[in-house]
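Everything below concerns the one structure shown next.
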Amino acid sequence: MSTARPAMSPEKRGTTMLELPTPRLLSDDQRDGRACPWCADPVTEDTGIDLGVRPGPLGTPIHPWACQPCVHRVAVERYGRHPRYCQRCERAPDRCEARRTLGRLVEETR
């Protein structure tokens, strides 16, 4: 009997909230999850972080994976920008699920 917890989905983990470079400018390896979409370093399912399925060029979905340092850097940037555009953060930042999710992603990718 295994006690391993199932992997958290990209949506719950918050990686789908991270903005990607323009998909049509990414290489095939970056669009297909074999290279980080930000730095182009090679990644695998063992070394990379799943960014979730995204819309790609001409309506073809892409499934990028990224390296941990880039996910951390982009998550920190997104976490910092988020309150400027979020009405919930203006009223009650401690109640903003998106901000909490981004903060958790920042912490887990340190």
* Can you work out ³J(HN,Hα) from phi for every residue in the stretch 51-57, in order, using Karplus 6.51 cos²θ - 1.76 cosθ + 1.60 and θ = phi - 60°, giving whole Hz and x for Gly and Pro? -> 9, x, 6, 10, x, x, x
* Size of the dipole of the stretch 63-105 about the Cα centre, Lys and Arg at +1 and Asp and Glu at -1 on the beta carbon, nothing else charged, in debye to 20? -> 80 debye
* To do: Note down the net charge around D94, summing +1 for each Lys or Arg and -1 for each Asp or Glu among other residues with Cβ under 15 Å from its Cβ.
  => +4
* To do: Run the dipole for the chain about the Cα centre, Lys and Arg Cβ at +1, Asp and Glu Cβ at -1, nothing else charged, and hand back the magnitude in debye, nearest 20.
  => 580 debye
* To do: Give me the accessible area of D32, 1.4 Å probe, in Å² rounded to the nearest 10.
  => 90 Å²
* Calculate the spin-label point distance for E45 paired with Q68, positioning each point 7 Å from the Cα along the beta-carbon direction, and give it in nanometres. => 1.9 nm
* Structure fact -> Ranking L102, P57, P37 by how far each Cα lies towards the positive end of the charge dipole of the chain (+1 on Lys and Arg Cβ, -1 on Asp and Glu Cβ), the top one is L102
* Grab the other residues whose beta carbon is less than 13 angstrom from that of V53, score K and R as +1, D and E as -1, and report the net. => -1
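The values are calculated or read from the model by the stated rules, or taken from the named source; none is laboratory data. Quick caveat: nothing in here was measured; it's all calculated off a predicted structure. Backbone-built Cβ (ideal geometry, glycine too); neighbour counts: all protein chains shown. Each accessible area value is taken on the protein alone, full model and side chains, heavy atoms only, with ligands, DNA and RNA left out. Shrake-Rupley method; radii C 1.70, N 1.55, O 1.52, S 1.80 Å.
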